[in-house]
Structure formats: structure tokens, C-alpha cells
Amino acid sequence: MIVIPSQLIGARLAAPLTLDCHVESYPKPITFWTHENGSLIHEGSRYHMWTEKFSSYKFYMRLYIGSLSKSDFGTYKCNAKNTLGGSEGVIKVYNIGYFGSDTQYVTDEEMQRTNQIARSKWGSEDSGGSRVRSAIPGWYLLPLVSVLLVLSQQSLLTTRHLVYQYHTV
């Protein structure tokens, strides 16, 4: 039996990523990883794989990808086979892009959805011909509920009341 802690994983291009699978099997299985086209993943400069043994029948599989490329997004399978049979677990990896680079995202906890609310770059022109500054200084929260994560100069904010405001020059 294989248990996948995270079946759907969002990651950024060029970022490192680790995939995990929990295996329960006796006798000891042979474990390996495959990509969506069925190709076997081999240990190399970008891929590192290891299996840790926790008990006589529990194993922990990991696949580390050093720097994600476009071809790395898609479906991965962790496989475990022994003399009695085999099992596989499926993990899908998708590109989340860069929060705050071209698009600002706000996550609404109550609705469990992510809305695209602005597509602007520093100094680009809006439809009225005014120059639009970065959306980061334009975030105002009424009331300020919580800031989940600040990534360098980009922000991912969660709140119930959000007012977005463009600053024009």
C-alpha cells in the first residue's frame, strides 16, 4: 500500500522540489519513480532519490528535484513492487508561477479559491493611459486580519475585507 501525503503540488520554475511517498509492504519492496510518460527517473545531477526504512514493513520514499524545468511539471508515480505484487502512488506537480511578478493573487480562506485581481507591471500603462505603479504599495486591508507570507518584496495576503487601489502618477 502507498500513501501520498500531498497528491497535488504547486511549484515555481527553477525552484527545488521534494516529493514524498509512504510505503507499507512486506517483504521489502523494490522502489522507483516514473514521470508521466512512463519513463524511469534516474539518479543524476538534478534528481536524487532515497528510501528510508522505518520498520520491517514501512518505508519512506523521496524524490528531490534540484531545479524544476518546464518538462518537470506533470504527473509522477512512486512505485513499490515485491514478490506478492505492486502498488503505485500518483503526484501531480503544476507551475504556480511567481506570486507578485506580473499577477497579484489573493486567497480567500472562506471560499478556498484564488482570484487573479490585477495584471500590471511597474510603470506600465493602464487602459486610460495613466502610468500604473506596482500593486504592492496599493494593498490596503480593512481590517488587517493576517499576512500569511512575505516573499522578498512580493506579498501573498489573506483577509476577509480587501480593498485594492492603483496609484497613478
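The values are calculated or read from the model by the stated rules, or taken from the named source; none is laboratory data. Just so it is clear, the model here is predicted, and its values are computed rather than measured. We place every Cβ from the backbone using ideal geometry, glycine too, and count neighbours over all the protein chains shown.
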TODO: Give the residue that is surrounded by the most Cβ atoms within 10 Å (Cβ to Cβ), with candidates limited to residues of the stretch 41-65 that are assigned to a strand (DSSP E or B) and of a type in the set (A, V, I, L, M, F, W, C).
DONE: MET61
Open item on the list: For the list (1) at pLDDT below 95; (2) surrounded by 15 or more Cβ atoms within 10 Å (Cβ to Cβ); (3) not aliphatic (A, V, I, L, M), I need the number of the one condition that LYS77 fails.
Closed with: (1)
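Quick grid of which residues meet (1) closer than 28 Å to GLY97 by Cα; (2) among the small types (Gly, Ala, Ser); (3) surrounded by 12 or more Cβ atoms within 10 Å (Cβ to Cβ); (4) in contact with a Lys or Arg (Cβ under 6 Å, 6 or more places away or on another chain):
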position: ILE2; (1), (2), (3), (4): no, no, yes, no
position: GLN7; (1), (2), (3), (4): yes, no, no, no
position: LEU13; (1), (2), (3), (4): yes, no, yes, no
position: LEU19; (1), (2), (3), (4): yes, no, yes, no
position: PRO27; (1), (2), (3), (4): no, no, no, no
position: THR31; (1), (2), (3), (4): no, no, yes, no
position: SER39; (1), (2), (3), (4): yes, yes, no, no
Task: Matching residues, the stretch 82-100, being β-branched (Val, Ile, Thr) and at pLDDT 95 or above - done: THR83, VAL90, ILE91, VAL93
